[in-house]
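Inspection log for the structure reproduced underneath, given as structure tokens.
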Amino acid sequence: MILALIVLLPLCGAAIPPLAARGGRDRAAWASGIVTLGALALLAGRATEILDGGVIRASWPWIPAVGWNVSFMLDGLGLLFALLILGIGALIVLYARSYLPESDNLGRFYAYLLLFMGAMLGVVLSDNMLLLVVFWELTSVSSFLLIGYSSHAREGREGARMALAVTGAGGLALLGGVLVLGHIVGSYELSAILQARAVIQASPLVSVALGLVLLGAFTKSAQFPFHFWLPHAMAAPTPVSAYLHSATMVKAGVFLLARVFPVFAGTDAWLWLVGGAGLATITLAAYWALFKSDLKGLLAYSTISHLGLITLLFGLGTPLAAIAGVFHILNHCAFKAALFMTAGIVDHEAGTRDIERLGGLRRAMPVTALLATVAAAAMAGVPPLNGFLSKEMLFEEALHVQFGGLPGWLVPTIVVVAALLSVTYSIRLVRDTFFGAAPTAYPKSPHEPPRGLRFPVEVLVAACIAIGLAPGLLAAPLVFSAASAVTGAALPSYHLALWHGFNVPLMMSLIALVGGALLYRGRGRLVAAHRGALPVVAAKSLYDAALTTLFSAAAFVTRNLENGSLQRYLALLMGATIVVGVSPFLVRGWAGGGPHSTPIDAPTLVAWFLLVVTAIGTAAFHRRRLISLAMLGTVGVVVTLGFVHFSAPDLALTQISVEVVTIILILMALHLLPKTTPLETSFMRRGRDLLIAGAAGLGVASMTWAILTRPVRSIADYYLANSVPGGGGHNVVNVILVDFRGFDTYGEITVLGIAGLGIFALVDGLGVGWLHPDRSQLQDEDQHPLILAVVARLLLPFALLVSVFLFLRGHNAPGGGFIAALATSVALIAQYVAFGVGWTHRRLPRDFHPLIGVGLLVAGLTGVGSWAFGAPFLTSWHGHVHIPFVGDIELATATLFDLGVYFAVIGAVMLILSNLAKLGMREALLARARERAATVTEKLEAERDVAENNFDYGEEV
Amino acid sequence: MEVLFASAVGVLVAAGVYLLLRARTFPVVLGLALISYAVNFYIFAMGRLRVGLEPIISEEATAYVDPIPQALVLTAIVIGFAMTAFVLVLALRANFDLGNDHVDGRPPEGER
């Protein structure tokens, strides 16, 4: 519980500073400080337990089905990192308050900072790899916000974007790696994965997992060749840089290396990949750092170099190297945070960070100069400071490593060269800033910074000295507990100490120090040589080129696919569908022609012929819309006959009633649309469309044929067997609709209702005043045919009776709510057709919305009703009821549900049709009003009346 | 019979797709209706073609037709109606608001 609290405190606490900032920036700083220290106190409370070798775990299931738990673990490694994150975090909170301009009220800044802090804590305390990935991505996102904090500056935005692109992509790779690991091990729990080294190493997927995980680690910790984002992230405010590049963000990468160390370390692949990346990074970055004139730029490259050092140590894979790596993580945090903060102080007080324009600041700020010198000396590895200790350990390990087939002297030499370069840039950092001649003028007159800026540096520098002098006392317990968590095994006895006697590593240190100093003296020549050297292909330009290519490719694709023509989109969509549909036929072969074949009889052949002719006719005559529609109606009738023939009475009933309603609907719409379609497409275009249509038809036909001739394996037996005993109905189709799959039906009538309301909204919002030019005859002036009127009026009661009959028997014979509702609707629509809108509207409810609501309510309440009996939603009950004259009826609660369906369907269908009818009426009335209006004013008035629905629907027939 | 049924579905799809690719809204609506028929038939085909059976439990019946595709198609027919109606009204609305019934909302160059 306490572990989750440590992570959640900053994450949730991120909401506080923006609120507190309303009361002033100091309140925001206090709030953040209290949150940070609170989490630190919680952590410290459990520290001794961990240092004694304990591990704390806490786990809650999240999505257990996929092995995703919210589980946390605090071991030595997690403790070290969490202490650094919170400890340095607290110092940053203090530093940022003094550093950021007064005009900034800091609410947003501290919110981002706490969010980032929580995400980092989540990474280092997660016991579930998937959870770790989630926090990992959260660090990428929140660091994006922090780096881009100066969002008004172009560099800030670009730097943030680059950091997000690189580390985000790495996070994606890490997710892949974690999924592979989880697949191999069968669990995403870190504890299980760390125990499964043998299983993982034996798996053929091990190299994939390793590669992906390393991609994640290298991008995050800016290892060559993914280092280029880090210098650009320097656009962030200095407190952010000091935090991200000392204790957190980039350390997440090396944390990951340390975390998976027990699983992968010691193999050749690990040595070459991790050790190789470390070696390349440590040297190249140290070399590049020499030529940076921006203080933060120099520190950025030195950070990359030191991360390379840590990576190299973990890459070596020995327990001692692991101890050294962990120790250097701690040391680097202390001096690098201090140096970033001093760079910030210089910038803050002198107004520039450009080394070329700095110098002699020791007179203006002697204390800061001293602090910076000590911190830089620690970075350079000068005894007796902490950096010296871990660098000695690196030399020691480099001497003993067996790096594949490389000669034994190579690795130590590279390491010494890197150390030498590091000495040079450290001297340059301090000497060119604080010593030497001062420039004639600074943008600001420099002086010692306020307490809030210097105090954090003092703390960190004190740590550098103290750890250097008494490593066994101060750092050893933490480092050893972390290192044993890294290796996952007992550590060899090693004594952290300043003095190990006169030995080779000491000689190497001396060479580096002296050589570095000499190089600093002769740096002029080096700079000249560097300038004359071949232009280095910068990773940044490759990144930019890749980005540009990506964007222009995307633009090209968009331009060519998305030209604004819906016809083209549809053609592309159809073409793509055909390709996707055809490919399985080609790959998996053609399996048709099985046992099923029904003999062809003459009526079927005739029906088939009729269907084919009318379907083709619908398309062929589409420019003459009424003929096309008539053809479509015939298709519908043949489809109905098809259902009759192939044993689907319910479908036939549904289809025929829907057919009537649909055709009437389309006719009504056609009344308001042009009656013909202009010929617009070229011959070529029609040919192309025919080709696509033909291919689509052929594809679907083959698919249908393949299915029809394959053996059938249906789950129908269950429904057939349970329909009567379970659902109380003999009509299995209806029982499926209202009982077995009642929830689906409930959804579907809801959709139907929504469609009806949507149509109502569309019609309601229609502007009046538009009349299609080719409207010559006004329908409402026609006499309604007398015979039709008489028949329709006579028919109504019978039709309603039939629909009740269909409804009641629906559970046991063809019929049911859907069909009954459609039959009722057809009967009502017949009145519209026979008597006109005006007459019908006066006799029928104008509003059909409530009916939809009633239907949904009845169906929903029936479902909810089963809760009262302790059964799940929509559980049905049934029993026999005897109704006089009708007979023995099997009544089920499903019938009540069906009643809901009945109302909802009537409501939706009638809502749709009555609205269209109203629309047609309104247009006609408008036209007539216009004709009769004598003056312009009257005309406008009439239009307004119609628009406001203040009109009477026609005269009675 | 299977060949007839399959080819009928194919013809419905072909005619429907051809209409879908037209430039005016009304043929597109008709095309959608045709494709609805085809899709319903296609889903129906999952239960195979059976003649002279029923999905209704009775003492006399010896075999039944597969009721599941029928139940699916039944709701599909009704939902298909709602979709056709909605697209139709959308087409009407576009025609009212834009003054033409081209699918892109504007007639091609050279015509108004």
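The values are calculated or read from the model by the stated rules, or taken from the named source; none is laboratory data. Remember, it's a predicted structure, so these values are computed and weren't measured experimentally. Cβ atoms come from the backbone with ideal geometry, glycine included; neighbour counts cover every protein chain shown.
The number of residues in region A:705-723 that are in contact with an Asp or Glu (Cβ under 8 Å, 6 or more places away or on another chain) and either farther than 14 Å from residue B:66 by Cβ or among the small types (Gly, Ala, Ser) (or both) comes to 4. Checking each residue in region A:117-142 for being touching a Ser or Thr at 6+ places or on another chain (Cβ under 6 Å) and of a type in the set (D, E, K, R) picks out only A:127. Count of region A:622-658 residues, restricted to those that are more than 10 Å from every other protein chain (Cβ to nearest Cβ) and either of a type in the set (Lys, Arg) or not in a helix (DSSP H, G or I) (or both), is 1. When region A:161-185 is filtered for residues that are closer than 14 Å to residue A:547 by Cβ, small (Gly, Ala, Ser) and crowded, with 23+ Cβ neighbours inside 10 Å, only A:163 remains. Among the numbered conditions (1) within 7 Å of chain A (Cβ to nearest Cβ); (2) within 19 Å of residue A:652 (Cα to Cα), the only one that residue B:26 does not meet is (2). Scanning region A:701-715 for residues that are buried (at least 20 other Cβ atoms within 10 Å of the Cβ) and touching a residue at least 12 places away in the same chain (Cβ under 8 Å), we see that the one that is nearest to residue A:811 (Cα to Cα) is A:708.
Residue A:854 meets the stated requirement of being away from chain B (no Cβ under 14 Å) and of a type in the set (A, V, I, L, M). Whether a residue is closer than 26 Å to residue A:689 by Cα, at the interface with chain A (Cβ under 7 Å from one of its Cβ atoms) and surrounded by fewer than 23 Cβ atoms within 10 Å (Cβ to Cβ) was assessed, and residue B:3 passes this test.
Out of curiosity, is residue A:618 touching a Ser or Thr at 6+ places or on another chain (Cβ under 7 Å) and buried (at least 17 other Cβ atoms within 10 Å of the Cβ)? Considered against the rule, which asks whether it is touching a Ser or Thr at 6+ places or on another chain (Cβ under 7 Å) and buried (at least 17 other Cβ atoms within 10 Å of the Cβ), residue A:618 comes out as yes. For region A:811-823, filtering for residues that are of a type outside the set (A, V, I, L, M) and surrounded by fewer than 24 Cβ atoms within 10 Å (Cβ to Cβ) leaves 2.
When A:542, A:518, A:573 are checked against the criterion of being in a helix (DSSP H, G or I), assigned by TED's automatic domain parsing to the domain that holds residue A:401 and without any contact (Cβ under 8 Å) to a residue 24 or more places away in the chain, a single residue qualifies: A:518.
Per the conditions (1) closer than 29 Å to residue A:754 by Cβ; (2) within 7 Å of another protein chain (Cβ to nearest Cβ), the sole criterion not satisfied by residue B:66 is (1). Considering only residues in region A:539-558 that are at pLDDT 85 or above and small (Gly, Ala, Ser), the one that is farthest from residue A:572 (Cα to Cα) turns out to be A:545.
Would you be able to say whether some residue in region A:685-700 is more than 7 Å from chain B (Cβ to nearest Cβ), in contact with a Gly (Cβ under 6 Å, 6 or more places away or on another chain) and not polar (S, T, N, Q)? Yes, that holds for at least one residue.
Restricted to helices (runs of 4 or more DSSP H) entirely inside region A:19-106, those with at least 2 residues that are closer than 30 Å to residue A:184 by Cα are A:76-99. Only one of the listed residues (B:15, B:71, B:8) is part of a helix (DSSP H, G or I), crowded, with 24+ Cβ neighbours inside 10 Å, within 7 Å of chain A (Cβ to nearest Cβ) and in contact with a Ser or Thr (Cβ under 7 Å, 6 or more places away or on another chain). That residue is B:15. Inspect region B:80-95 for any residue being more than 7 Å from chain A (Cβ to nearest Cβ), without any contact (Cβ under 8 Å) to a residue 24 or more places away in the chain and within 25 Å of residue A:701 (Cβ to Cβ) and give the result as yes or no. Among the residues of region B:80-95, not one is more than 7 Å from chain A (Cβ to nearest Cβ), without any contact (Cβ under 8 Å) to a residue 24 or more places away in the chain and within 25 Å of residue A:701 (Cβ to Cβ), which makes the answer no. For residue A:598, the test of being within 7 Å of chain B (Cβ to nearest Cβ), within 22 Å of residue A:690 (Cβ to Cβ) and among the β-branched types (Val, Ile, Thr) is failed. For region A:649-699, the candidate set comprises residues that are of a type in the set (Asp, Glu) and buried (at least 20 other Cβ atoms within 10 Å of the Cβ); within that set, the residue that is nearest to the chain's Cα centre (by Cα) is A:689. Is it true that residue A:361 is in a helix (DSSP H, G or I) and not aromatic (Phe, Trp, Tyr)? So residue A:361 fails the test. Exactly one residue among A:806, A:800 is surrounded by fewer than 20 Cβ atoms within 10 Å (Cβ to Cβ) and either assigned by TED's automatic domain parsing to the domain that holds residue A:908 or in a loop (DSSP other than H, G, I, E, B) (or both), and that residue is A:800.
For region A:405-414, the criterion of being crowded, with 23+ Cβ neighbours inside 10 Å and in a helix (DSSP H, G or I) is satisfied by no residue at all. It is to be established whether one or more residues within region A:434-450 are outside any loop (DSSP other than H, G, I, E, B), surrounded by 24 or more Cβ atoms within 10 Å (Cβ to Cβ) and assigned by TED's automatic domain parsing to the domain that holds residue A:524. Looking through region A:434-450, at least one residue is outside any loop (DSSP other than H, G, I, E, B), surrounded by 24 or more Cβ atoms within 10 Å (Cβ to Cβ) and assigned by TED's automatic domain parsing to the domain that holds residue A:524.
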